[in-house]
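The structure appears right after this line, and notes come after that.
The values are calculated or read from the model by the stated rules, or taken from the named source; none is laboratory data. Remember, it's a predicted structure, so these values are computed and weren't measured experimentally. Neighbour counts run over all protein chains shown; Cβ positions are idealised from the backbone, glycine included.
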Amino acid sequence: MVPYTVTTTVLTNDSNGVAESQSPGSDALTLDGALVSGGVATCAEAQIITLTSGGDDRGITLDVVGTDADGQSTSEDVTGANAGAAVTTKHFKTVSSITPSGGIAGTIYAGPVAANGGATATFRVNRNQPNFKLGLYVEIPSGSTANVTAQFSPDYPESGDWSSTSYSNNADWRAVDGLSAVTATDESNIAFNVECVRLLLNSNSGGGVTFTSQQGY
């Protein structure tokens, strides 16, 4: 099969890039950060979103809505922090709204922080291949400071549609043996049937990490 290759970009590092500091009360946050265009914030890669509260927001949740690494609609309710940062567990490529379940205690702002990581889009492989073989290669060029983990999932798309690729925020992702938290060029393989793979960016300040998946015939 033709190899799949993706090269990552530098992770966006803008803690108020989605919403600048504001006191919205119980209203939805105004998306007015530097990453916003046409009412939607866009990250370089799908990234964790940080929500930083100036007061005690532990009694409310914030509903973050947007799209995942595969362009599929996604959302997450995040419990607010007490004069600190709360983070999503899901990766958002875009954010279209952030709505609190109750009144914000003081100020709040939101955006992606590079140190919290990101993820590439999902690549689907041929799980029905006899004698399944999948080679995975990570190339971290000289001068690029990165820590990455290749991941696989045994899951079908949640829609049940064979043509769908809506995995990224819902799949059961597992680290590939030999390619977990690597900081230099490395390789590994999978010899059992899986559905899809992706590259998790634990950190990536230099950009330019190349991830290649090559399936045998």
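Name the single residue, out of those in segment 12-23 being out of contact with any Asp or Glu (no Cβ under 7 Å at 6 or more places or on another chain) and outside any loop (DSSP other than H, G, I, E, B), that is farthest from A110 (Cα to Cα). If you could, list the steps in order and put the result at the bottom.
Residues of segment 12-23 out of contact with any Asp or Glu (no Cβ under 7 Å at 6 or more places or on another chain): 12-18, 21-23.
So of that shortlist, the ones also outside any loop (DSSP other than H, G, I, E, B) come out as 21-22.
Details: S21: 8, Q22: 10 Å.
Restricting to residues being out of contact with any Asp or Glu (no Cβ under 7 Å at 6 or more places or on another chain) and outside any loop (DSSP other than H, G, I, E, B), the top hit is Q22.
Checked against the criterion of being at positive phi and surrounded by 15 or more Cβ atoms within 10 Å (Cβ to Cβ), the candidates G178, G208 yield just one match: G208. Within segment 32-52, the set of residues being part of a strand (DSSP E or B), surrounded by fewer than 23 Cβ atoms within 10 Å (Cβ to Cβ) and not β-branched (V, I, T) comprises S37, A44. If you go through segment 166-179 and keep only what is assigned to a loop (DSSP other than H, G, I, E, B) and out of contact with any Leu (no Cβ under 9 Å at 6 or more places or on another chain), you end up with S166, Y167, S168, N169, N170, A171, D172, D177.
Being in contact (Cβ under 8 Å) with a residue 24 or more places away in the chain, on the phi < 0 side of the Ramachandran plot and not assigned by TED's automatic domain parsing to the domain that holds N193 holds for only one residue in T88, T79, and it is T88. For the residues A105, A46, A69, the requirement of being in contact (Cβ under 8 Å) with a residue 12 or more places away in the chain, more than 12 Å from the chain's Cα centre (by Cα) and not assigned by TED's automatic domain parsing to the domain that holds V209 singles out A105. All conditions but one from (1) crowded, with 23+ Cβ neighbours inside 10 Å; (2) in a loop (DSSP other than H, G, I, E, B) apply to V95; the one that does not is (2).
Please enumerate the residues belonging to segment 1-11 that are touching a Gly at 6+ places or on another chain (Cβ under 9 Å), assigned to a loop (DSSP other than H, G, I, E, B) and surrounded by fewer than 21 Cβ atoms within 10 Å (Cβ to Cβ).
Taking segment 1-11 as the starting set, the residues that turn out to be touching a Gly at 6+ places or on another chain (Cβ under 9 Å) are 1, 3, 7-11.
Of the ones still in play, those that are also assigned to a loop (DSSP other than H, G, I, E, B) are 1, 3, 8-11.
Hits for segment 1-11 are M1, P3, T9, V10.
For segment 55-72, a residue qualifies if it is at pLDDT 95 or above and surrounded by fewer than 18 Cβ atoms within 10 Å (Cβ to Cβ), and the qualifying residues are G55, D56, R58, G59, T61, D63, V65. Residue under question is F132, and the condition is that it be in the same structural domain as R198 (by TED's automatic domain parsing), among the aromatic types (F, W, Y) and at pLDDT below 95; does it hold? Yes.
Scanning segment 180-204 for residues that are closer than 12 Å to V148 by Cβ, in a loop (DSSP other than H, G, I, E, B) and of a type outside the set (A, V, I, L, M, F, W, C) returns S180, T183, T185.
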